[in-house]
2 protein chains.
Amino acid sequence: MINFQTSPNQYRHWKLKVDGPVATLSMDVQEDQTLADGYKLKLNSYDLGVDIELADAIQRLRFEQPQVRVVVLTSLKPRIFCAGANIYMLGTSSHAFKVNFCKFTNETRCAIEDDSHHSGRRYVAALNGTASGGGYELAIACDEIYLVDDGNSAVSLPEVPLLGVLPGTGGLTRLVDKRKIRRDRADVFSTLAEGLKGKRAKEWGLIDGYFPTSKFEESVRTRVDELVKEASPLTALTGINLTPLTFEAADDSRHYKYVKLQLNREGRYADLTLIGPEPNLPTDANEIQRLGDSYWPLRAYRELDDALLHLRVNEPEIGLVCLRTKGESANVLAVDQALSSNRDYWLVREIVLNMARVLRRLELTAKSFFTFVEPGSCFAGNLLELVLAADRSYMLNDPDSPVELVVSDLNKGALPMSNGLTRLQSRFLSEPERVDKIADQDGPFDAEAAEEAGLVTFAPDDLDWEDEIRVAIEERTSLSPDALTGMEASLRFAGPETMDTKIYGRLTAWQNWIFQRPNAVGEHGALTNYGKPTQAQFDYKRT
Amino acid sequence: MINFQTSPNQYRHWKLKVDGPVATLSMDVQEDQTLADGYKLKLNSYDLGVDIELADAIQRLRFEQPQVRVVVLTSLKPRIFCAGANIYMLGTSSHAFKVNFCKFTNETRCAIEDDSHHSGRRYVAALNGTASGGGYELAIACDEIYLVDDGNSAVSLPEVPLLGVLPGTGGLTRLVDKRKIRRDRADVFSTLAEGLKGKRAKEWGLIDGYFPTSKFEESVRTRVDELVKEASPLTALTGINLTPLTFEAADDSRHYKYVKLQLNREGRYADLTLIGPEPNLPTDANEIQRLGDSYWPLRAYRELDDALLHLRVNEPEIGLVCLRTKGESANVLAVDQALSSNRDYWLVREIVLNMARVLRRLELTAKSFFTFVEPGSCFAGNLLELVLAADRSYMLNDPDSPVELVVSDLNKGALPMSNGLTRLQSRFLSEPERVDKIADQDGPFDAEAAEEAGLVTFAPDDLDWEDEIRVAIEERTSLSPDALTGMEASLRFAGPETMDTKIYGRLTAWQNWIFQRPNAVGEHGALTNYGKPTQAQFDYKRT
């Protein structure tokens, strides 16, 4: 079982050093500390275990070290920054694991950009040695890239020429869409195993600068100091601690404080219930800070995040997640109100940004999601997003057991999807005028109003409810899981495309395709034969 | 060998009837007239042969019947409009063939929308019976969809529930991005094998209207008459004939009039040389009309189109196409000038739109393209697009044998890429100010100026030229063809996304992935077992 929880004192591959406004994250991968057997993590290459630590560090910096303005990513290994995802790990992994590994590493890199974009923390890749493959992909997720000019170190994407796969952790997309490298140069660079060194790499826009070895540290430091000065002035912010999430686990369940996960393995679905907030939570920023990570919107969404990752990697046969909530709408709305009115306070901003990331993680999960709105539920405000994020939603229409949906300010833009739109905007692309009308509704929607407004897919009455849900679950879990993955990836993200949706929808789909092709993973494939005395042999038919 | 040329008197599956401003294209697929053995085209299901006729009909209407304002697509079979791509054909096809088949059918549907969008011809799908799968995908490529309300006929996308694959001929994308169906309804519809009938289909936005059997023809006719009236008034336009393209073929070559294709099968590349126009071509619309389809920009690009399709389907092992031109830049510029100054004349508009489609077909081809700018070449105006469309371009820098690139008005927007940008805009996403500067350049760019301007990738001198080209070709053709396909699909279309790029980049990549999965094409896969007494058995791991 893969565990996604860690903390700095458990890190094996990264050193996190914080010095006032500057944090330095140094990669120092321990060859033998792998997540699975059969490979060694040489040359700062990584497996999922290494990336779980990186994701944790980025998340922790946001909550625990809010005064940090610049994060420097570098390496403690001489002459090598990072050699990318470990090839032998990829070569010995199942297709499903490769896909999940790439998705998580993509989310980690998008989290860097989310921090940079929304919280203004600047990320500097200080490449004290060669950054190849995933190493360079990590660098281009940063705001600025500086490479040592030692006559040897280079940046490179050798996946196509050496491995017969893609730089699929955002690499190709970020080349042309983020750094806007000319496409013919991107073509040359992506087929050049040895990559490019300082001068040409700078000319082509692949890095932002290069410095000789003797001046590297000093020059990076100078640039970092400039970035600190450009950033908003340092205030005496105090972070909160992200304490470990605890849960009671049984073979078919995992019960966190606010998230209750119940597996029905035979039926291939899971029931995931979110418990709403307690009443009378603080309305004041200082009190919220005192609650720290026990504050409902932080704890509940961290638990949801962990549950989603657990389902993805440890429960691959679960194809459908049935989302429910339990609690009082009024309590959810009170939390949303507190978040809205304190939105400029750093901790509240981070809490809301984290909620947005978790909801995006849900939509990027290769499982179906159905939401069931039943008596005792509290689909209000931020939890209403679960109705809108689901592939379908069912709401009980029974006057004797009324249920409701309620909007809040948080449905108006604080929790954007990967495509940059709100879930209401994505839902009503054909009737944009509905968006504001719904968002401004005063008071709850009952089942009929919700159906009429288009907020739920179906609103069966109590006579049909049990049967309709049972059949919907049975039908869904009987379908081809691959076809569902492709279908959901196509239907969930209508409207505009962003770098994120390009990475998850386009680049990832091509990479997944290639990850199955005999030219990569067959007996004579390039990935299979990497590092062996045998050479790859291709079927040269172009498809 | 698959031949993409046909004409109405050769059609076996479609009847084309033109009555003044209205053309009716009726599908009447002949079961036994298949392109390959092993399946029968029952219930108006189609194979590539059926779609080649449809593509030809749409193309021909634009040139031969310019007075047509509305095209009605319907069926001559009772109770069935079209059952989509033939499942047994898909089940028995190689992966490469499936992929190429889907790409061509996608291009045909995009050609319908291109005609509608740019030439104002309205397409009406008159569904006199059930439209399922590719049948409904053909319908949603049309502007309006009307379904007979006979208590039985439905629209449906049964690919996911019945076949374990996607409605990959634009279906999923057009549902949410063109018709803007709410995503939860799209989810329900795409998993509902039997689809939806008139009333609910209309409610959900899947069709534009439904009429009882007794009034179906009349009601469609009424709507068609309205559309004719809304269209630009009928003028006495006379079409031109698209005569068959002739070529001399040998085992390793195909020589059309303006396009010379030479295969180097051992080296896995092709040399494709476009011969530029003759001098003194007409500058006047009437003279252009008299030349008809022998006019260079029409004939040369039709030949290029045919050569590309031939390479795709009949020469799968050719991985690289080396593009060259031969002729006088001045003659190309004169043609561009004639096209620009007569751009409002219907035939000239159609000629330019066809050029744009052919260039897009090139960029959607799963082969690498290198352009070589050598002495005797004429990369000016519309042919300069070949330099910009290529994955890389090499230009000889030899003062003794000067070569040039020249811009014309046609580089400024008449030949857009699938992403909606000009090739200059796509090239200079990081320096948009370069676009106008280059487009407004008076006079040619020599090799140094072209390299400086960023128009070519490399400009080797004559000492290096032969070696550099040889090595570039050898290196490219040694790489994994699958990795190149994924890489090129990611690098060619930076910047904004359109419905077209979503269909080719996102939906197609997912479909290609699924087309390889055991759950679709394995021994127990849904596609393999369709129509057999055995049932599909899935590996339910979600990936």
Problem set entry | Globularity index of region B:86-242, i.e. its alpha-carbon radius of gyration over 2.2 N^0.38 Å | 1.12
Seminar exercise, completed: Length-normalised contact order of region A:144-254, Cα under 8 Å, at least 6 apart, in percent, tallies to 31
For this session: Compare the Cα positions of B:ASN44, B:VAL99, B:GLN5 along the charge dipole of region B:1-134 (+1 at Cβ of Lys, Arg; -1 at Cβ of Asp, Glu; about the Cα centre) and return the one farthest towards the positive end.
Result: B:ASN44
Exercise. For the protein assembly as shown, what class follows from the C-alpha gyration tensor (a ≥ b ≥ c being the square roots of its eigenvalues): rounded when a/c is under 1.5, otherwise prolate if a/b is larger than b/c, else oblate?
Worked result: oblate
Exercise. Roughly to the nearest percent, how much of the accessible area of the protein assembly as shown is carbon and sulfur, given a 1.4 Å probe?
Worked result: 48
Exercise. Relative to the longest principal Cα axis of chain A, at what angle does helix A:346-363 sit, 0 to 90 degrees, rounded to 10?
Worked result: 90
Seminar exercise, completed: Percent antiparallel among DSSP beta bridges confined to the protein assembly as shown, rounded to 5, stands at 30
Problem set entry | log₁₀ of I(q)/I(0) at q = 0.16, 0.21 Å⁻¹ - region A:391-463, Debye sum with one point per alpha carbon | -0.59, -0.94
Problem set entry | Relative contact order %, region A:5-157, counting alpha carbon pairs below 8 Å whose residues are six or more apart | 23
Seminar exercise, completed: Asked for the total accessible area buried by A and B (1.4 Å probe, Å², nearest 100), one would answer 8200
Seminar exercise, completed: Looking at region A:308-327, residues buried by 10 Å² or more relative to their chain on its own, accessible surface at probe 1.4 Å, turn out to be A:PRO316, A:GLU317, A:GLY319
Problem set entry | Computed over region A:410-543, Cα set: Rg, Dmax in Å | 22.3, 70
For this session: Please say if region A:21-115 is rounded, prolate or oblate, where rounded means a/c under 1.5 for a ≥ b ≥ c the square roots of the C-alpha gyration tensor eigenvalues, and otherwise the choice is prolate for a/b larger than b/c and oblate otherwise?
Result: oblate
Exercise. What's the angle, to the nearest 10 degrees (0 to 90), between helix A:48-64's Cα axis and the longest principal axis of chain A?
Worked result: 70
Seminar exercise, completed: The lysines whose Cα lies under 19 Å from the Cα of B:LYS326, excluding any fewer than 8 residues away in the same chain, are B:LYS257, B:LYS260
For this session: Starting from the Cα of B:LYS412, draw a straight line to each of the lysines and keep only those under 20 Å, dropping any in the same chain fewer than 8 residues away.
Result: B:LYS437
Problem set entry | Inter-label distance for A:LYS326 and B:SER116, nm, one decimal - labels placed 7 Å from Cα along Cα-to-Cβ | 4.9
For this session: Quick one: go through region B:18-47 and flag any residue whose amide nitrogen is under 19 Å from the point 7 Å out along the Cα-to-Cβ line of B:GLU217.
Result: B:18-29
Problem set entry | Euclidean distance between Cα centres, region A:371-433 to region B:185-222, Å | 28
Problem set entry | Rounded tilt (10° steps) of A:329-341 against the dominant C-alpha axis of chain A | 40
Exercise. Pulled fully out, how much extra length does the chain show between B:ARG434 and B:THR246, if you take 0.36 nm times their separation in residues and subtract their Cα-Cα distance?
Worked result: 63.6 nm
Problem set entry | the protein assembly as shown - mean residue ellipticity at 222 nm from DSSP helices (-39,500 (n - 2.57) per run, n ≥ 4, rounded to 500) | -11500 deg cm²/dmol
Exercise. Non-local amide H neighbours of A:TYR123 (under 5 Å, H modeled in plane, Pro and chain starts lacking H): which ones?
Worked result: A:VAL71, A:ASP143, A:GLU144
Exercise. Among all the aspartates and glutamates, which ones have a C-alpha under 12 Å from A:LYS502's C-alpha, if same-chain residues fewer than 8 places away are not counted?
Worked result: A:ASP177, B:GLU497
Exercise. Roughly how many Å² is the accessible area per residue of the protein assembly as shown, as a whole number, for a 1.4 Å probe?
Worked result: 36
Exercise. Pairs A:LYS178/A:LYS202; A:LYS541/B:LYS40; A:LYS40/A:LYS215; A:LYS15/A:LYS77: which exceed 21 Å Cα-Cα?
Worked result: A:LYS541/B:LYS40; A:LYS40/A:LYS215
Seminar exercise, completed: antiparallel share of DSSP beta bridges within chain B, to nearest 5, in %, is 30
Problem set entry | Calculated P(r) tail over 14 Å for region A:344-383, as whole % of Cα pairs | 63
Seminar exercise, completed: Site A:LYS257, offset 7 angstrom along Cα→Cβ, radius 12 Å on amide nitrogen, limited to region A:44-85, gives none
Exercise. What percent does the relative contact order of chain A come to when contacts are Cα pairs within less than 8 Å and at least six residues apart?
Worked result: 12
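The values are calculated or read from the model by the stated rules, or taken from the named source; none is laboratory data. Not measured: the values here are computed from a predicted model. Every residue, glycine among them, receives a Cβ derived from its backbone with ideal geometry; neighbour counts consider all protein chains shown. Side chains are part of the model used for accessible areas, which takes the heavy atoms of the whole protein and leaves out ligands, DNA and RNA. Shrake-Rupley method; radii C 1.70, N 1.55, O 1.52, S 1.80 Å.
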